[in-house]
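First the structure, in the form of structure tokens, and then the observations on it.
We did not get these values from a lab; they are worked out from the coordinates using the rules stated. The shown structure was predicted, so the numbers you read here are calculated from the model rather than taken from an experiment. For neighbour counting, all protein chains shown are included, and Cβ atoms are generated from backbone atoms with ideal geometry for every residue, glycine included.
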Amino acid sequence: MKNLVIIGLLAFIAISANVPNETKIGYVYMEMVMNNMPEAQEMMLIVDKFSAEKQAEVEKKKAVFIQKTEIFQKKSQSGELTEAGKIIAQNELTSLRKGLEQLVSTNEQELYAKRGELLSPIAKKLEAAMDEVAALKGYKYVLSSADGTGNSIMVVAPEADDLTQEVMKHLGIEMK
């Protein structure tokens, strides 16, 4: 019985020694995939239109501010305004300027939120595709090949572990 346990243990060690214990690590140029996803291109059109609409609002308010500032300066230089009139006009301009600054800030926040709202399902789809390709190819880890600024973070990486084309193929994206 003791010999049987020892033989079983030796057999297990021999089998374990022959099984490769290599962890596969792949990488994907996520920005390239994302830029070629039709959903991302559609998202950019929506975001650009939304941004243009918000910018038009700012330009309208800015034009009113500039017009009122010019009127104030002309009336002030020509002596048409009393001291009380100047104070009222300056308060109105201050209020308009603050409103313009608030509009710009609000628009930036809304644009950021809109981009995030539209990007979330696209990012989830890309992540799911990367997970599926990694599982099919036997990869335990898949890294993004670039940081958020587009700079490569991969110093040395074998081309064989580049899963970008496989992920694109999985998503039905054809390179042009």
Exposure proxy ranking, count of Cβ atoms within 10 Å, fewest first, for S105, S144: S105, S144
Computed label-point distance, nm, for sites Q102 and E39 using a 7 Å Cα→Cβ extension: 3.7 nm
Taking D131, D162, D48 and counting other beta carbon atoms within 10 angstrom, the fewest-first order is D48, D131, D162
Amide H to amide H under 5 Å from L143: which residues, 5+ apart in sequence or cross-chain, H placed 1.01 Å off N in plane? G26, Y27, V28
Once phi is turned into θ = phi - 60°, what whole-Hz ³J(HN,Hα) does the Karplus curve with 6.51, -1.76 and 1.60 give for every residue of region 87-92, x standing for Gly and Pro? 4, 4, 5, 5, 5, 5
Listed with the fewest Cβ neighbours within 10 Å leading, M175, M44 appear as M175, M44
How large is the Kirkwood hydrodynamic radius of region 46-108, counting all unique pairs of alpha carbons, in Å? 12.9 Å
